[in-house]
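Colleague: First the structure, then my questions, so here it is.
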There are 2 protein chains.
Amino acid sequence: MAKQKKSPRPKAEAPKGFRDYFGAEVTERAEMLQKIAGVYHRYGFDALESSAVETVEALGKYLPDVDRPNEGVFAWQEADDEKWLALRYDLTAPLARVYAEHRNDLPTPYRRYAMGPVWRNEKPGPGRFRQFYQCDADTVGAASVAADAEICSMLSDTLEEVGIPRGDYIIRVNNRKVLNGVLENVFKMPLEQIQAGVTEQNMQFWVQAKVVTNLTKDRQVHLDVLRTIDKFDKVGEEGVRELLTKGRLDASGAFIDGVGLNEEQAEPVIAFLTSKGTNSEETLENLRKAVGDSQIGAEGIAELEQIAALLEAQGYGSERIEIDPSVVRGLGYYTGPVFEAELTFEIFDEKGRKRQFGSVAGGGRYDDLVKRFTGQAVPATGVSIGVDRLLAALREKGRIKSHATGPVVVTVMDRDRMADYQAMVAELRNAGIRAEVYLGNPKNFGNQLKYADKRQSPVAVIEGGDEKANGVVQIKDLVLGAKIAENATLEEWKERPSQFEVPRSDLVAKVREILEGQKDA
Amino acid sequence: MAKQKKSPRPKAEAPKGFRDYFGAEVTERAEMLQKIAGVYHRYGFDALESSAVETVEALGKYLPDVDRPNEGVFAWQEADDEKWLALRYDLTAPLARVYAEHRNDLPTPYRRYAMGPVWRNEKPGPGRFRQFYQCDADTVGAASVAADAEICSMLSDTLEEVGIPRGDYIIRVNNRKVLNGVLENVFKMPLEQIQAGVTEQNMQFWVQAKVVTNLTKDRQVHLDVLRTIDKFDKVGEEGVRELLTKGRLDASGAFIDGVGLNEEQAEPVIAFLTSKGTNSEETLENLRKAVGDSQIGAEGIAELEQIAALLEAQGYGSERIEIDPSVVRGLGYYTGPVFEAELTFEIFDEKGRKRQFGSVAGGGRYDDLVKRFTGQAVPATGVSIGVDRLLAALREKGRIKSHATGPVVVTVMDRDRMADYQAMVAELRNAGIRAEVYLGNPKNFGNQLKYADKRQSPVAVIEGGDEKANGVVQIKDLVLGAKIAENATLEEWKERPSQFEVPRSDLVAKVREILEGQKDA
């Protein structure tokens, strides 16, 4: 340490893309997560906290989000055995490792929830951080779609529990198998054949510069079509038709290359995208047309029917959870049902335009993650809540009371009587009231008031020599007096009607009375 | 991802020295931390969650614990600007960075608490992990010893709040200045002169192989004496006298080099170590003799007197917080009061020997950390709770109820009626009862019972075809039936008196009745 005196002073700043969270930012998140954990617990899910650090080998080389395969992890090499370690980038890859490692001790199915930070070695940007919270619930080892249905109903209960009222959210369910069925219908051949590369003659369309490099061609079929489907909201039916076939001029005048399907091939995709009916039955009927004779498509539709029936039996109607073919989800690894929770109320964006709040959670079935370790396919399904987005939504809706929760500040008028002031705060705390003595230099009384202001203190307590002699204290309602407190002198300040002189023995009672009055106001 | 199929399977294991926490391990810790946060909040402390990652520059090169300067951090280099980043090794270094960075926006004094994992790149060992929780509270910007006294009373309240009863713990307070005073009395010169190396002629004793390499000689004076003082508990007065002077044969017959003081110089140290009296007054009186004419020693004693008076005024007597000269604390950076919370009840160690539980928290005043960044000395004091040790203590004392909190399991007798079973769990959950449907393959009923057993389920619900036809359900008290449940057939199992047949409409009421009966038992 002594050596450091000679080196230049270190910069006091968090690393690029990292930030600190203060006070209510921390406690509000903790409270929300606690409510979520309560719902998960009631559903039989057990807590899991895996280590933040994993071997790179266990994580796998790439992020699951294939749209950003070049984005990485924070990794370093061990000094002794030269193994590479890395910070986890999500909570799902560690779950697969934990389940594979402890599978003989864990119950099957294994329902677990996990909450905590994850790290991404990405280029930071505005509102885009390299450390953020995730909150996941997954069921490992259950092949039944009842497990998927359960995740959906749990997500619905969770949103209501944290404060999103029914009607302000919708959980949309789709099935990746239906999409695969649509693909089979597009190419008139089984998925395996598409994947085996038999459509080599169509591949020219998929192998384009924008296509990520670590994927084999078979995946690109899906990805390009899926990406185009994802644009349905923005470009509409005709736009998607153009993007699937010969390409399209976008609003800026730039030409976007098409995927290269012919008109007939594009038809099932369009049918799929416009399949949403007024109720589940109608939607499912439309989907049947979109998948044609595809076996896997029929399977997917049957699963969606079962999910709808299971949810119906538990009272979750389509006002809470609905079949919606427009849900695609970015992650390539989903293999069956996928779901997404969207908040449907409107907010104003930074430019003052109305828009819907959008997605706060998503998930689906992924059956291959544990197999990487054990060679055995283990069915799994789960959901991840975007903690920061959900918190932002709750703040937007005024569901989080962000009013002052600062402490009562007992000011120091006479520094030799610190013991008296400490005794006061001890009394207040013992009565359950948040309270503290001013611990800075007490010389300047104005500084003490400024401090109380900065702390958003609801009440200040003053006991000078006169008060001490008369056995009284001054109690100041700072919420009432907030407007004038900052610049007033002690004398002016004392005259305000928001200040009360009470016997020392009434300290706790009077403070409590003021706090309760503030709560009611 | 497709490429990974060709590479050998990754090993499913957490990295060396890291571990996973399951179920109650996670929730019990969370509950304890929540209680602690409640006390800290009541004392006016605000939550802070700084980023887990810091620049190595901001952390400083070494861990604060100078006994292990070669132990390091997990660090890596940024790709673009080649800056070194690292995982935080404690919560204090980040606090110094945060305070320096945000000092214009933060109140002064700034009281903050922080809870979360920290990481040490150390050799892992049994019970020694490279990721563990810390829970800190610090006051930055308050020079007054009232801030130190407050930390002590808060620590006392915290221990009682989480479940350590009064009498089972003691908080010991000392002052580094008193130790420095003792050193001045030993060398008969001001501390500055000792530190300036004027005692070069004594230095031969400090410069020994066992002395860590990144410390300048001035620090070694303190460290060697402090280390010896720390051995008082083990070797007693005569042992310390030998270690301070010419050395000592230890129990194994090995010779331990002495620090090299003469008999007269050793005397103040011995006086200091044996200064504890039956009350604070007596202890302070003894300490006055140990520090002799030392100015800094007198200052330290005056501070201890003030702390004792402040605590007394708040009702914290010496049965909770006492002056104890034997507290040294390992960290070299403390500059004033130091404190340590020890649990005084006895436990049995792994060899069946009685011993005291020991230390669960410690801290003190450190006035130099922020200065590294700003050049300006900022007084600070704080405490860190050993989260895992305190949890272990609470489990030891039976303060954490670890009884079964598994879910009610609704078994699946007829897989086509999954919707019926889901409706049952929905009813139970809506009544606030933790419940789930068995989601594995329902074919083998025995597996369902084994699953319920593994989950420590309190109750199982059964509705086969007959029950359905008769409008009833079977409800099994698994706690009562635990002994025989595992190997019994369904028929045997049904005959047990711990199983009840009730109308379907009484499902929730009966389950609740059984759960309440289990709670009372």
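The values are calculated or read from the model by the stated rules, or taken from the named source; none is laboratory data. What you are looking at is a predicted structure, and each value in this text was computed from that prediction instead of being measured. Positions of Cβ are backbone-derived with ideal geometry, glycine not excepted, and every protein chain shown enters the neighbour counts.
Colleague: Does A:Thr92 qualify as being under 18 Å from the mean Cα position of the chain (by Cα) and touching a residue at least 12 places away in the same chain (Cβ under 8 Å)?
Modeller: yes
Colleague: Evaluate the stretch A:468-479: report whether one residue or more is exposed (fewer than 14 other Cβ atoms within 10 Å of the Cβ) and either closer than 23 Å to B:Val140 by Cα or among the β-branched types (Val, Ile, Thr) (or both).
Modeller: Looking through the stretch A:468-479, none of the residues is exposed (fewer than 14 other Cβ atoms within 10 Å of the Cβ) and either closer than 23 Å to B:Val140 by Cα or among the β-branched types (Val, Ile, Thr) (or both).
Colleague: For B:Gly167, are the conditions met, namely being without any contact (Cβ under 8 Å) to a residue 60 or more places away in the chain, surrounded by fewer than 23 Cβ atoms within 10 Å (Cβ to Cβ) and of a type outside the set (A, V, I, L, M, F, W, C)?
Modeller: Numbers: without any contact (Cβ under 8 Å) to a residue 60 or more places away in the chain: no; surrounded by fewer than 23 Cβ atoms within 10 Å (Cβ to Cβ): yes; of a type outside the set (A, V, I, L, M, F, W, C): yes.
When the stated conditions are applied, B:Gly167 does not pass them.
Colleague: Still on this model: If you scan the stretch B:15-32, which residues turn out to be within 30 Å of B:Ser153 (Cα to Cα) and facing another protein chain (nearest Cβ under 9 Å)?
Modeller: B:Ala24, B:Glu25, B:Val26, B:Thr27, B:Arg29, B:Ala30
Colleague: Specify which of the listed residues (A:Thr283, A:Thr344, A:Thr278) is more than 20 Å from the chain's Cα centre (by Cα), hydroxyl-bearing (Ser, Thr, Tyr) and not in a loop (DSSP other than H, G, I, E, B).
Modeller: After applying the criteria, what remains is A:Thr283.
Colleague: Within the stretch B:250-259, is even one residue of a type in the set (A, V, I, L, M), part of a loop (DSSP other than H, G, I, E, B), surrounded by fewer than 17 Cβ atoms within 10 Å (Cβ to Cβ) and within 33 Å of the chain's Cα centre (by Cα)?
Modeller: yes
Colleague: Something else: Does the stretch A:285-302 contain any residue that is charged (D, E, K, R) and surrounded by 18 or more Cβ atoms within 10 Å (Cβ to Cβ)?
Modeller: The answer is no; no qualifying residue exists.
Colleague: Restricting attention to the stretch A:79-96, which residues are basic (Lys, Arg) and more than 8 Å from chain B (Cβ to nearest Cβ)? Before the answer, list the steps.
Modeller: Taking the stretch A:79-96 and keeping what is basic (Lys, Arg), we get A:83, A:88.
Scanning the stretch A:79-96 gives a single hit, A:Arg88.
Colleague: Does B:Asp148 meet the test of being more than 9 Å from chain A (Cβ to nearest Cβ) and either of a type in the set (A, V, I, L, M, F, W, C) or closer than 27 Å to B:Ile307 by Cβ (or both)?
Modeller: When the stated conditions are applied, B:Asp148 passes them.
Colleague: If B:Ile307 passes every condition in (1) surrounded by 15 or more Cβ atoms within 10 Å (Cβ to Cβ); (2) within 23 Å of B:Pro190 (Cβ to Cβ) but one, which one does it miss?
Modeller: Of the numbered conditions (1) surrounded by 15 or more Cβ atoms within 10 Å (Cβ to Cβ); (2) within 23 Å of B:Pro190 (Cβ to Cβ), the odd one out for B:Ile307 is (2).
Colleague: Only residues that are more than 9 Å from chain A (Cβ to nearest Cβ) and more than 19 Å from B:Leu155 (Cβ to Cβ): list them for the stretch B:111-120, please.
Modeller: Of everything in the stretch B:111-120, those that are more than 9 Å from chain A (Cβ to nearest Cβ) and more than 19 Å from B:Leu155 (Cβ to Cβ) turn out to be B:Val118, B:Arg120.
Colleague: Do the conditions hold for B:Ala431, that is, is it more than 9 Å from chain A (Cβ to nearest Cβ) and crowded, with 21+ Cβ neighbours inside 10 Å?
Modeller: no
Colleague: Same structure again: Any residue in the stretch B:383-405 that is closer than 24 Å to B:Ser326 by Cα, buried (at least 18 other Cβ atoms within 10 Å of the Cβ), at pLDDT 90 or above and of a type in the set (D, E, K, R)?
Modeller: No, there is no match, as no residue in the stretch B:383-405 is closer than 24 Å to B:Ser326 by Cα, buried (at least 18 other Cβ atoms within 10 Å of the Cβ), at pLDDT 90 or above and of a type in the set (D, E, K, R).
Colleague: Test A:Gln306 against the criterion of being over 27 Å from A:Thr158 (Cα atoms) and in contact with a helix residue (DSSP H, G or I) (Cβ under 8 Å, 6 or more places away or on another chain), and give yes or no.
Modeller: Here the answer is no, as A:Gln306 does not meet what is asked.
Colleague: Right, another one. Might you check whether a residue that is within 10 Å of another protein chain (Cβ to nearest Cβ) and among the charged types (D, E, K, R) occurs anywhere in the stretch B:372-384?
Modeller: So far as the stretch B:372-384 goes, yes, one or more of its residues are within 10 Å of another protein chain (Cβ to nearest Cβ) and among the charged types (D, E, K, R).
Colleague: Now for a separate question. Of the residues B:Ala460, B:Ala419, which single one is among the small types (Gly, Ala, Ser), at the interface with another protein chain (Cβ under 10 Å from one of its Cβ atoms), in contact with a helix residue (DSSP H, G or I) (Cβ under 7 Å, 6 or more places away or on another chain) and on the phi < 0 side of the Ramachandran plot?
Modeller: Of the residues listed, the single one that is among the small types (Gly, Ala, Ser), at the interface with another protein chain (Cβ under 10 Å from one of its Cβ atoms), in contact with a helix residue (DSSP H, G or I) (Cβ under 7 Å, 6 or more places away or on another chain) and on the phi < 0 side of the Ramachandran plot is B:Ala419.
Residue-wise test of (1) within 14 Å of chain A (Cβ to nearest Cβ); (2) in contact with a Ser or Thr (Cβ under 6 Å, 6 or more places away or on another chain).
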position: B:Glu263; (1), (2): no, no
position: B:Pro268; (1), (2): no, no
position: B:Gly277; (1), (2): no, yes
position: B:Glu282; (1), (2): no, no
position: B:Glu285; (1), (2): no, no
position: B:Val291; (1), (2): no, no
position: B:Gln295; (1), (2): no, no
position: B:Ala309; (1), (2): yes, no
